[in-house]
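The values are calculated or read from the model by the stated rules, or taken from the named source; none is laboratory data. All values reported here derive from a predicted model rather than from experimental measurement. So basically every Cβ, Gly included, is an ideal-geometry build from the backbone, and we count neighbours across all protein chains shown.
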Amino acid sequence: MRLAIGCLLGFLLLASVPQAQAPAVPVFQIAPIPDSKITFSVKASVPIEGVFDKWDATLTYPSTDVEAGVLDIKAQAGSVNTGSGMKDGKLKSKDFFNADQDPYITFHSTKIVQTSHSSVDVQGTFTIRGVSKPETLTFAITGQGTGQGTIKGVMAFDRKDYGMNSGIPFIKIADRVEVDVDLVGKRTSGPPLVFKQ
C-alpha cells in the first residue's frame with residue numbers, strides 16, 4: 001500500500017510541473033495564383049515574357065529573426081505560358097527548360113540578409129534543367145508587423161550558364177533572363193517578424 005501511495009504522489013507531483021513549451025514562431029502562408037505570381041522576361045527582337053501557371057512557395061521560420069527564414073520555390077517547367085504555343089513549345093524543349101527530363105525549376109534559400117528596413121537579399125541555389133548554381137533574389141517587403149504583406153523580388157541570370165545555348169528560329173534573344181517573384185504572404189499564427197532598425 002505504501003508503494004502504491006508513493007507512486008501516486010510521485011505521479012501527481014510530476015503532473016503538476018508545467019511542461020516547457022517551445023517558443024512560438026511565425027507561420028506564413030503564401031497566397032496562390034492569381035494573388036501571387038512568378039514571371040520572366042528576356043530581351044529579344046520579339047519580346048519574350050511569360051508566367052508559370054503551376055508552382056508552390058513556402059516561407060519557413062524557426063524564430064522571429066527576419067534573417068532566419070528559408071524560402072523554397074518550386075515551379076513546373078511544363079507550365080510555362082507566354083501566350084504563344086510556338087514559344088512555349090520551344091521553351092519546354094531540351095534546348096531550354098528540358099521539361100520532360102527536368103520537370104521542376106527550383107530555388108532554395110541558404111541565407112537571408114536584411115539590406116534595409118524594407119528589403120532583403122535572399123541568397124540560394126537556383127536549379128533549372130538539372131543545373132544548380134548560386135543566385136540571389138532581391139526582395140522589397142511591405143506590411144511588416146501587420147500580419148499580411150507582399151514580397152516582390154527579382155533575380156537575373158545568364159541562360160548559357162545553365163546550358164541554354166540555343167536560340168529560337170527567326171528571333172534574336174539576349175542571354176540575360178530576369179525572373180520576377182511577386183508573393184502575397186499572410187501570417188497565420190505566431191508573433192511578427194523582427195526587423196533590424
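Quick notes on this structure:
- Residues of the stretch 93-126 satisfying the condition of being touching an Asp or Glu at 6+ places or on another chain (Cβ under 8 Å) and over 22 Å from residue 65 (Cβ atoms): 94, 106, 126
- Being modelled with pLDDT under 95, farther than 28 Å from residue 115 by Cβ and over 19 Å from the mean Cα position of the chain (by Cα) is a condition met by at least one residue of the stretch 22-30.
- Qualifying positions in the stretch 140-151 - assigned to a strand (DSSP E or B), over 11 Å from the mean Cα position of the chain (by Cα) and in contact (Cβ under 8 Å) with a residue 24 or more places away in the chain: 148, 149, 150
- Strands (runs of 3 or more DSSP E) completely within the stretch 47-134 that count 1 or more residues being at pLDDT below 95 and either buried (at least 20 other Cβ atoms within 10 Å of the Cβ) or among the acidic types (Asp, Glu) (or both): 48-52
- Selection from the stretch 134-185 of residues that are aliphatic (A, V, I, L, M) and farther than 27 Å from residue 35 by Cα: 164, 168, 171, 173, 174
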